[in-house]
Amino acid sequence: MYTQGLDQQGKTENRRDSLETPERLEAFQARIDAEEKIEAKDWMPEAYRRTLIRQISQHAHSEIIGMQPEGNWLTRAPSLKRKAILLAKVQDEAGHGLYLYGAAETLGISRDRMVADLLSGKAKYSSIFNYPTLNWADIGAIGWLVDGAAIMNQIPLCRCSYGPYARAMVRICKEESFHQRQGFEIMHVMANGSEDQKAMAQDALNRWWWPSLMMFGPSDKDSKHSAQSMAWKIKRFSNDELRQKFVDVTVPQADFLGLTVPDPDLRFDETSGHYCYGEIDWQEFHDVIAGNGPCNRQRMETRRRAQDDGAWVREAARAYAAKHAAKAA
Ligand code: BYC
């Protein structure tokens, strides 16, 4: 039985039956190897629990912060239909954030703690949401490339060893597929529109291509968590494997759109059956995740303001719950 828990400061309360004996660790790994799902109340090593909290909470933060660049275009969508579709997509992202916070809470961390870690800068969110959305084609590029990259990364997470995360991912992936299709359709319309529209689509691809490749994380040789996360079947593929799959699927889509991927080194390698692509600017990636991307400050300020503005809602919900509890008593 899993009986470790976190208090509000995030400290672990160790109890006697949570000791990580070699027998327990071996039995745990055997369950993983046998493709059994680990559930919230099962015993698990502390490092497994912490890895999941880190990944799932950062994933949740990404969904919530990810609403900002697209939300920026809700009031300026080019038609009522486009506005309704974008509104639905942004609301889906909020839903994803909430399922994911819920999945992380099953590991014994409170939502308040996770949000506090985001606002203090301790917890990361995806680098991609620190880039600006300058014109309507960016909304197409986000759906096509960013949601496309997200699907590539997240489909394997439906088979993650931790049950609550895996189950949340099933629904999220269904919705992400719709998001990807709507983005591709925007790009298709623009790429087949006027010269100006096609130029906007190309400009959006130029700006979003490399940041989309960075979404998959550092190259395998620099990925500090991958080996352990793969042994625990939290991750099923390495960062570079997923990045390669994304490139292989997406380059033909760019060709179909009549757009050019902004990589002079891109070429199809007949022998391996894969596209070879140029060197990623890892300095840019590290700058962005260190808080120095084009929009990091703006994203955090907006998130902080939303948290402050929502304080009265949380207070009212607490008062309502207390009133009902008192009545029930
Ligand atoms: N951005 O050892 P590594 C969406 C960090 S939301 C920032 O490879 P790991 C959407 C990493 O956290 C999409 N940080 O780590 C929403 C670690 O730092 P810490 C979000 C990154 O965890 C709205 C360090 O670098 N998707 O789809 O094994 C609208 C070393 O990395 C990034 C997820 O969150 C990055 N790109 O692998 C539209 C998916 N990459 O934590 C769309 C779930 C790496 O030690 N997450 N870092 O301080 C994952 O699959 C994995 O966490 C990652 C990284 C592949 C991202």
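Values quoted throughout were computed directly from the atomic coordinates according to the rules given, and no laboratory measurement underlies them. As the structure is a prediction and not an experimental result, all values here were calculated from the model. In this analysis, Cβ positions are derived from the backbone assuming ideal geometry, glycine residues included, and neighbour counts consider all displayed protein chains.
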At 10 °C in a medium of viscosity 1.306 mPa s, segment 79-153 has a Stokes-Einstein diffusion coefficient, with Rh taken as the Kirkwood radius over alpha carbon pairs, in µm² per second, of 109
Exposure proxy check on Thr302, Thr21, Thr260, Thr271: fewest-to-most Cβ neighbours within 10 Å is Thr271, Thr21, Thr260, Thr302
Straight-line reach check, Lys224, cutoff 18 Å on alpha carbons, 8 or more apart in-chain or any other chain, hits among aspartates and glutamates -> Glu46, Asp240, Glu241, Asp287
At q = 0.11, 0.14 Å⁻¹, the log10 of I(q)/I(0) for the chain from a Debye sum over equal Cα scatterers comes to -0.77, -1.18
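Based on a Kirkwood Rh over C-alpha pairs, give the Stokes-Einstein translational diffusion coefficient of segment 228-302 at 37 °C and viscosity 0.692 mPa s in µm²/s. Each step should come with its number before you reach the end.
Numbers: Rh = 15.2 Å.
Once the numbers are plugged in, D ends up at 215 µm²/s.
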In whole Hz, the Karplus estimates of ³J(HN,Hα) for segment 39-52 (6.51, -1.76, 1.60; θ = phi - 60°; x where Gly or Pro) are 10, 3, 8, 6, 5, 8, x, 4, 5, 5, 4, 5, 4, 5
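Please state the charge dipole magnitude for the chain, taken about the Cα centre, from unit charges on C-beta atoms (+1 on K and R, -1 on D and E), reported in debye and rounded to the nearest 20.
Details: 43 positive and 45 negative charges, 310 e Å.
Dipole magnitude for the chain comes out near 1480 debye.
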Beyond 23 Å, the calculated P(r) of segment 136-223 holds a percent of Cα-Cα pairs equal to 34
A correct Kirkwood calculation over the Cα atoms of segment 148-284 returns a hydrodynamic radius in Å of 16.4
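What is the calculated FRET efficiency for Thr21 to Lys122, with r their C-beta to C-beta distance and R₀ = 41 Å, to the nearest 0.05?
Numbers: r = 31 Å, r/R0 = 0.76.
Once rounded, the FRET efficiency stands at 0.85.
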For Ala88 and Glu279, extending 7 Å from Cα along the Cα-Cβ vector and measuring point to point gives, in nm, a value of 4.5
With R₀ set to 45 angstrom, the calculated FRET efficiency between the beta-carbons of Asp196 and Ala311, to the nearest 0.05, is 0.50
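With the contact rule set at Cα under 8 Å and sequence spacing of 6 or more, what percent relative contact order holds for the chain?
Values: 380 pairs, mean separation 55.7, N = 329.
Worked out over the chain, it gives 17 percent.
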Extension length gain for Met230 and Glu270 (0.36 nm per residue less Cα distance), in nm, is 11.5 nm
Cα convex hull volume per residue for segment 62-205, in Å³, equals 106
